[in-house]
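The values are calculated or read from the model by the stated rules, or taken from the named source; none is laboratory data. Since we're looking at a predicted model, the values are computed, not measured. With ideal geometry, Cβ positions are generated from the backbone for all residues, glycine too; neighbour counts draw on all protein chains shown.
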Amino acid sequence: MKPYEKLLSENKAWAAERIAHDPEFFSRLANVQSPEYLWIGCSDSRVPPDQITGTNPGEIFIHRNIANMVVHTDLNMLSVLQYAVEVLKVKHVIVCGHYGCGGVKAAMTHQSFGIINKWLRNIKDVYRFHQEEVNSLKSEEDRLNKLIELNVKEQVMNLAKTSIIQKAWKESHIPHLHGWVYGLDDGVIKPIFEMTANTPIDPIYQFDNL
């Protein structure tokens, strides 16, 4: 068996197991999608959202990119956010990073990584905002993990700066925004930041005509 064929074989076994346990499982999924959560996470293969939260298909709407970024020029992320908020009516948006993140680590260096430099620039900006706090820590691991936490917090704040979130807050008082960090070494998620609906933000980012 070729390596990729193992994935197809495992898929068939998984589907059969689901049907054996719940014959209506796939028919329900095919007819409706009503998740309560949007997950914005890192593309790292060690952080699968459904497995680490114990959720089933249909329960979490997912967007992933390098270092779980919310970039105001990223039309892919913004399209996912708008669909999740305005169509699916999710109640919670979660930005989940993870300790030991390679994207954040790369952004802390002076190395050039080619096209990814343009993406890492957004993380470097976060580093610049918090450079004194991060650099005050003694070990490289502590500095990395602190920037990972601060990056998650900044991305949650970036969500609140979008017209998508502000409009939803004004009209329906949801979603709530959460910033979490997952530990690769123990499998535990650490909540580090939260913004409930209508949390005040800097007036410069507010849209008054929504």
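Applying the set (1) in a helix (DSSP H, G or I); (2) more than 30 Å from Lys167 (Cα to Cα) to Val47 leaves exactly one unmet item: (1).
Here is a yes/no grid of residues against (1) within 20 Å of Ile164 (Cα to Cα); (2) in contact (Cβ under 8 Å) with a residue 60 or more places away in the chain; (3) of a type in the set (D, E, K, R):
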| position | (1), (2), (3) |
| --- | --- |
| Met1 | no, no, no |
| Leu7 | no, no, no |
| Glu10 | no, no, yes |
| Thr53 | no, yes, no |
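Taking Asn56 as meeting all but one of (1) assigned to a helix (DSSP H, G or I); (2) of a type outside the set (D, E, K, R); (3) modelled with pLDDT under 95, write down the number of the exception. Going through the list (1) assigned to a helix (DSSP H, G or I); (2) of a type outside the set (D, E, K, R); (3) modelled with pLDDT under 95, Asn56 breaks only (1).
What residue, of Val32, Val70, is under 30 Å from Lys118 (Cβ atoms) and either of a type outside the set (Ser, Thr, Tyr) or at pLDDT 95 or above (or both)? Steps first, please.
Details: Val32 fails: under 30 Å from Lys118 (Cβ atoms).
Step by step, each of Val32, Val70 is checked, and only Val70 is under 30 Å from Lys118 (Cβ atoms) and either of a type outside the set (Ser, Thr, Tyr) or at pLDDT 95 or above (or both).
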